[in-house]
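The values are calculated or read from the model by the stated rules, or taken from the named source; none is laboratory data. Remember, predicted model here, so these are calculated numbers, not experimental data. Using ideal geometry, Cβ is built from the backbone for each residue, glycine included, and neighbour counts are taken over all protein chains shown.
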Amino acid sequence: MKTIGLIGGMSYESTIVYYKLINKIVNERLSGLHSAKMIIESYDFAEIEKEQSKENWEKLAEILIKSAQKLEKAGADYIAIATNTMHLMADDVQKNISIPLIHIAEATANYIIDKNINTVALLGTKYTMTKSFYKDKLINDYKINVITPNLDQQDIINKIIYNELCVGLINDNSRKLILDIIDDCTKKGAQGVILGCTELPIIINKANIPIINTTEVHCIEIVKRIIT
């Protein structure tokens with residue numbers, strides 16, 4: 001079995017899910033007492049969010065690069081970033097290490113294609129919904145149409161993620177707000193919805209259209225790589 005180097009702590013809630021799900025899938029595939037070989041570099045998310053709010057992506061890239069290099073030196077065979085938003089720096093990270101980075105958007109795109117879905121709604125942090133790093137990969141590299149919520153809806157989702165989900169708070173009213181936004185995207189042509197924040201599956205597990213749980217899809221791809 002290969003070793004996955006996981007960059008986590010963004011937030012700790014999603015990192016917990018990654019750790020549990022990767023090990024669960026490995027055990028399902030290999031049975032017995034098998035679990036994943038994993039090295040985790042975990043951050044104080046308050047420090048990360050501070051730089052995100054200032055859109056200091058260069059500094060954040062430096063942080064992720066150092067982590068990936070540390071994990072590589074520690075024996076990781078692959079790198080995975082346990083969050084959607086910080087894949088904004090994924091290309092910078094890959095350029096500075098000699099082992100593969102398992103990209104969450106690429107895993108998600110392949111899953112969408114396998115499900116014969118052509119148009120998706122993309123939900124996530126405001127950075128994931130507004131910046132090009134995620135949408136362009138889906139649109140240009142995989143020919144998938146992407147619908148994003150309007151600006152007011154993006155603000156609602158972003159606040160729910162940072163103020164509630166990242167600290168483990170589940171609010172039924174917030175769930176309803178997100179489901180209403182998904183329904184609005186459906187009316188605009190979405191055939192499926194990408195939960196493009198690793199915290200969103202904590203609160204949304206079903207909708208009126210197929211859900212693409214990026215955390216689960218990413219973990220499945222990670223396990224595929226490390227056990228083959």
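Within the option set ILE25, ILE7, being under 19 Å from the mean Cα position of the chain (by Cα), assigned by TED's automatic domain parsing to the domain that holds HIS87, closer than 16 Å to ILE220 by Cα and β-branched (Val, Ile, Thr) holds for one residue only, ILE25.
Checked against the criterion of being surrounded by 15 or more Cβ atoms within 10 Å (Cβ to Cβ), more than 17 Å from the chain's Cα centre (by Cα) and charged (D, E, K, R), the candidates ASP184, ASP152 yield just one match: ASP184.
Residues in the stretch 13-35 that are touching a residue at least 60 places away in the same chain (Cβ under 8 Å) and more than 23 Å from GLY196 (Cα to Cα): VAL26, ARG29, LEU30. Close contacts from the stretch 71-84, counting a first residue that is in a loop (DSSP other than H, G, I, E, B) and a second that is among the basic types (Lys, Arg), with Cβ to Cβ under 6 Å and a gap of 6+ residues or different chains, come to ASP77/LYS2.
Yes/no matrix, rows are residues, columns are (1) over 16 Å from the mean Cα position of the chain (by Cα); (2) not small (Gly, Ala, Ser):
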position: SER53; (1), (2): yes, no
position: ALA68; (1), (2): yes, no
position: LYS73; (1), (2): yes, yes
position: ALA80; (1), (2): no, no
position: GLN94; (1), (2): yes, yes
position: ASN110; (1), (2): no, yes
position: ILE113; (1), (2): yes, yes
position: ILE117; (1), (2): yes, yes
position: LEU138; (1), (2): no, yes
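Just one residue in the set MET38, MET10, MET1 is in a loop (DSSP other than H, G, I, E, B), within 17 Å of ILE104 (Cβ to Cβ) and touching a residue at least 24 places away in the same chain (Cβ under 8 Å); that residue is MET10. Residue check: is LYS135 touching a strand residue (DSSP E or B) at 6+ places or on another chain (Cβ under 6 Å) and at pLDDT below 95? In short, yes.
ASN27 fulfils the conditions (1) of a type in the set (S, T, N, Q); (2) buried (at least 20 other Cβ atoms within 10 Å of the Cβ); (3) under 19 Å from THR228 (Cβ atoms) except for a single criterion, (2).
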